[in-house]
Amino acid sequence: MRRKLAAGNWKMNGTSAALSELTTLSDAHPDPGVDLLICPPATLLAAAAQTCASGRIRIGGQDCHEQTDGAHTGDISAAMLRDVGATAVILGHSERRAGHHETSEDVRAKARTAQAAGLMTVICLGESQLQREATNTLDIIGAQLSLSVPDSSTGENLVVAYEPIWAIGSGLTPTADQIGEVHDFMRTRLEKRFGAGVGRSVRLLYGGSVKPDNAEEIFAISNVDGALVGGASLKASDFDPIIRALEGA
Ligand code: PEP
């Protein structure tokens, strides 16, 4: 059985005052029925890990470098994430693919390094609006999936997040059928590549405008094992009902 996962991506939001949201969330979920992960900005990682040390919320980075160390000004290595208490990292978010020109090959190299360092990798995939209209979405997702996911992946160190770019931060969400089609497809592809054991144990998250009022419907879709949540993860009062919806799914 895959344990469900509610993951929050704070992006470039939050200074130390935001840690009180983590305290509230941690206190509200001392024994959650699902896995919880918050990925704050790098500047808050160490303090966030300390804030959550006695609770059940995992802390993750939003990116790491493909090299283990060296002359890469401004970058963060997987070992550095581990060192400050992170146990996971988001890789290949569409904002990094677009804003930092990251290719699926780059994402795979980062994921290989992160997995070798013992981090759980949350690898993001998703089509643009133009791609959905002009091409077969499953071709785009299939190519991103095979190129971005390294061979070193297992059910423990790999989570895949399907995040249609047009749904991120827009308030738009795909239909349940559209989400289900992509998630079933990703499951089949993972089973073919890694075998049924690993393929069935990798968690598949949906991301893109998940809110308290649509979470229940999204979590009822086949092969949706949780969510990667941006805006609605910033406030404990918004993320809390999403977590509860996932616990009840
Ligand atoms: C995201 O950026 O990963 C995301 C899903 O954002 P939002 O929930 O705000 O659409």
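All conditions in (1) more than 28 Å from Val84 (Cβ to Cβ); (2) of a type in the set (Gly, Ala, Ser); (3) touching a residue at least 24 places away in the same chain (Cβ under 8 Å) hold for Ser104, with the sole exception of (1). Residues of the range 183-200 that are crowded, with 17+ Cβ neighbours inside 10 Å and among the basic types (Lys, Arg): Arg187, Arg189. Scan the range 177-188 and tell me whether some residue there is within 16 Å of the ligand (Cβ to nearest atom), under 30 Å from Thr15 (Cα atoms) and of a type outside the set (Lys, Arg). Scanning the range 177-188 turns up no residue that is within 16 Å of the ligand (Cβ to nearest atom), under 30 Å from Thr15 (Cα atoms) and of a type outside the set (Lys, Arg).
Scanning the range 12-41 for residues that are surrounded by fewer than 19 Cβ atoms within 10 Å (Cβ to Cβ), within 19 Å of the chain's Cα centre (by Cα) and within 13 Å of Ser233 (Cβ to Cβ) turns up Asn13, Gly14, Pro41. The single condition from (1) within 15 Å of the ligand (Cβ to nearest atom); (2) more than 20 Å from Lys4 (Cα to Cα) that Ser104 fails is (1). If you go through the range 78-87 and keep only what is assigned to a loop (DSSP other than H, G, I, E, B), under 18 Å from the mean Cα position of the chain (by Cα) and surrounded by fewer than 23 Cβ atoms within 10 Å (Cβ to Cβ), you end up with Gly85, Thr87. Tallying residues that are within 23 Å of His183 (Cα to Cα) and either of a type in the set (S, T, N, Q) or in a strand (DSSP E or B) (or both) within the range 88-114 yields 7. Restricting the range 195-224 to residues that are within 15 Å of the ligand (Cβ to nearest atom) and part of a loop (DSSP other than H, G, I, E, B), the residue that is farthest from Ala161 (Cα to Cα) is Asp213.
Ala88: away from the ligand (no atom under 16 Å from the Cβ) and either free of Cβ contacts under 8 Å to residues at least 24 places away in the same chain or of a type in the set (A, V, I, L, M) (or both), yes or no? First the steps, then the outcome.
On the way: away from the ligand (no atom under 16 Å from the Cβ): no; either free of Cβ contacts under 8 Å to residues at least 24 places away in the same chain or of a type in the set (A, V, I, L, M) (or both): yes.
No: the conditions fail for Ala88.
So, Asp213, is that one free of Cβ contacts under 8 Å to residues at least 40 places away in the same chain, of a type outside the set (Val, Ile, Thr) and closer than 22 Å to Ala88 by Cβ or not? Here the answer is no, as Asp213 does not meet what is asked. Answer yes if at least one residue in the range 158-174 is in contact with a Pro (Cβ under 7 Å, 6 or more places away or on another chain), within 16 Å of the ligand (Cβ to nearest atom) and in a helix (DSSP H, G or I), and no otherwise. Scanning the range 158-174, I find at least one residue that is in contact with a Pro (Cβ under 7 Å, 6 or more places away or on another chain), within 16 Å of the ligand (Cβ to nearest atom) and in a helix (DSSP H, G or I), so the answer is yes.
Read the figures in this text as sums done on the coordinates, not as results from a lab. The model shown is predicted, which means the values in this text are computed figures rather than measured ones. Cβ atoms come from the backbone with ideal geometry, glycine included; neighbour counts cover every protein chain shown.
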